[in-house]
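What follows is calculated from the coordinates using simple rules that are stated; it is not laboratory data. All figures in this text were calculated on a predicted structure; none of them were measured in a lab. Every residue, glycine as well, gets a Cβ built from its backbone with ideal geometry; the counts of neighbours run over all protein chains shown.
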Amino acid sequence: MKDRTGKTLTSEEILSKSYIRGITIFSELGLFFIHLLGNIPSHHIRRFFYRLAGMSIGKGSSIHMKTSFHNPGNISIGEDTIIGEGALLDGRNTLTIGSHVAIATEVMIYNAEHDIHDKDFSPILEPVSIEDYVFIGPRAIILPGVSIGKGAVVAAGAVVTKNVNPFTIVGGVPAKEIGKRKETDPSYKIGRAALFR
C-alpha cells in the first residue's frame with residue numbers, strides 16, 4: 001500500500017494511518033451533527049449542545065442559526081455576545097471572542113490555512129482573538145493569527161489579514177484603517193437575540 005505521495009507504507013504505518021483516519025471520520029461525524037443542530041430554531045437547545053461539544057459560551061450570549069464550526073472545543077465566547085446567521089467559527093486553533101461582541105451575518109473567522117510555499121501544502125494553525133465590544137460587519141473574513149482590539153469595528157466585506165488596534169475602524173480588501181471610534185469607554189449591552197433565529 002502507498003500513501004498519497006507514492007511512498008510504500010510499512011504495516012505499522014498502515015495501522016497508524018488507519019487509526020488516524022478512523023478518528024478523523026468520527027470527528028467529522030460529530031461536526032456534521034453540530035452542523036445539523038444549527039438549524040434548530042432555539043438558542044437554548046443549540047447552546048446546550050454546543051457546550052456539550054466543548055465550547056465555552058458566556059451568560060446571555062447567542063449563536064444564531066446555521067453557524068458552522070471547525071472543532072468547537074477550542075472556541076470561547078464571552079458574555080452578552082451575538083453571532084449572526086451563517087457565520088463560520090474555526091476552532092482548529094484557539095478562537096477567543098470577548099464579551100459584548102456583535103458578529104454579523106455570514107462572517108467567517110479562520111485560524112487555519114495552508115502554507116502555499118510548502119511543497120506538501122502543510123497547514124498553518126494560528127490563534128484568533130477578538131476583544132470586548134468589537135463589531136464585525138456582514139460577510140467580513142478574519143484570517144489566522146489576527147487579534148482585534150477592544151471596541152474595534154470591521155466593515156462589511158472586509159478581509160482582515162493583520163491585527164486591528166483598539167477602537168479602530170477598518171475596511172476593504174485587505175482591511176486598512178478608515179477611521180477611529182469616538183466612544184472609547186463603552187458599557188453597553190448587546191441585548192436579547194431574536195427568539196427564533
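Details
- Dividing the Cα radius of gyration of the range 1-78 by its Kirkwood radius returns 1.20 for Rg/Rh.
- Other residues lying with their Cβ under 12 Å from the Cβ of Leu143 contribute a combined charge of -2, Lys and Arg counting +1, Asp and Glu -1.
- Tilt relative to the chain, helix 11-37 - C-alpha long axis, 0 to 90 degrees, to 10: 30 degrees
- Top of Ser122, Ser16, Ser27 by mean-square fluctuation, Gaussian network on the chain, Cα under 10 Å: Ser16
- Of Arg51, Arg139, Arg181, the residue with the greatest mean-square motion in the GNM of the chain, using alpha carbon springs below 10 Å, is Arg181.
- Percentage relative contact order, the chain, counting C-alpha pairs under 8 Å, at least six apart: 13 percent
- Here Lys189 is the anchor, and the lysines within straight C-alpha reach of less than 22 Å, apart from those fewer than 8 places off in the same chain, are Lys59, Lys150, Lys180.
- Max mean-square fluctuation residue, GNM over the chain, Cα-Cα springs under 10 Å, options Pro138, Pro166, Pro186: Pro186
- The chain: angle of helix 43-52 to the longest principal axis, Cα-based, in degrees nearest 10: 40 degrees
- Considered as an equivalent ellipsoid built on the Cα gyration tensor, the chain has semi-axes of 34, 22, 12 Å, the largest given first.
- Neighbour cut-off at most 12 other Cβ (10 Å), DSSP loop, chymotrypsin sites (Phe, Trp or Tyr not before Pro), the range 109-144: Phe121
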